[in-house]
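The next block holds one structure in the form of structure tokens; read it before the comments.
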């Protein structure tokens with residue numbers, strides 16, 4: 001049986017080994033310096049990207065606001081539906097329930113007294129509080145005008161909530177999620193500073 005040939009070391013003495021260990025230390029330090037420089041460049045690039053992306057939410061909000069204004073001015077585009085599906089997304093609305101609010105600097109006690117003073121006992125609940133359901137019913141049935149309600153220091157509000165949702169292709173969503181995570185991380189760093 002033939003004997004396997006052993007490899008020979010390039011080092012001939014412990015001094016050579018000590019020199020090799022010194023070279024390893026120098027290479028490790030060089031690698032660490034490069035890693036630090038890479039991290040610094042990555043952090044600077046990330047901050048730059050976060051700053052650039054930081055303008056996007058404001059632009060997106062402005063577009064969304066304009067879409068809402070158009071939809072409010074042109075409710076006929078919805079027909080009898082609450083959602084308008086388009087090629088690049090959808091726009092929908094949901095009307096909240098009407099609610100009675102006390103106007104301006106006045107409070108409910110003052111409005112209650114005003115109802116008594118101006119002879120609107122149907123708006124006063126059996127406990128001394130406003131019967132807002134009765135007020136809403138009277139408004140719906142046109143038994144009281146907005147001006148008369150204002151004299152009682154009240155108004156009826158009804159909010160409409162709009163949703164604007166672009167159809168983002170799946171392959172882009174991953175990129176957007178990564179960018180959003182980077183933006184949030186950048187904001188947290190700024191807040192901590």
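Read-outs: derived from the displayed coordinates by stated rules, not from any lab. Fair warning: this is a prediction, and the values are worked out from it, not measured in the lab. As a convention, Cβ positions derive from the backbone with ideal geometry for all residues, glycine included, and neighbour counts pool all protein chains shown.
In segment 49-173, the inverse of the mean reciprocal separation of distinct Cα atoms equals 18.1 Å; this is its Kirkwood hydrodynamic radius. Each principal axis of the Cα atoms in segment 12-51 has its own extent, and those three values, largest first, are 57, 9, 5 angstrom.
Suppose R0 equals 35 Å. What FRET efficiency, 1/(1 + (r/R0)^6) with r the Cβ-Cβ distance, do residue 69 and residue 146 give to the nearest 0.05?
Details: r = 24 Å, r/R0 = 0.67.
Calculated value: 0.90.
Plainly put, segment 99-158 has a radius of gyration that is 0.91 times its Kirkwood radius, both from alpha-carbon atoms, as the Rg/Rh ratio.
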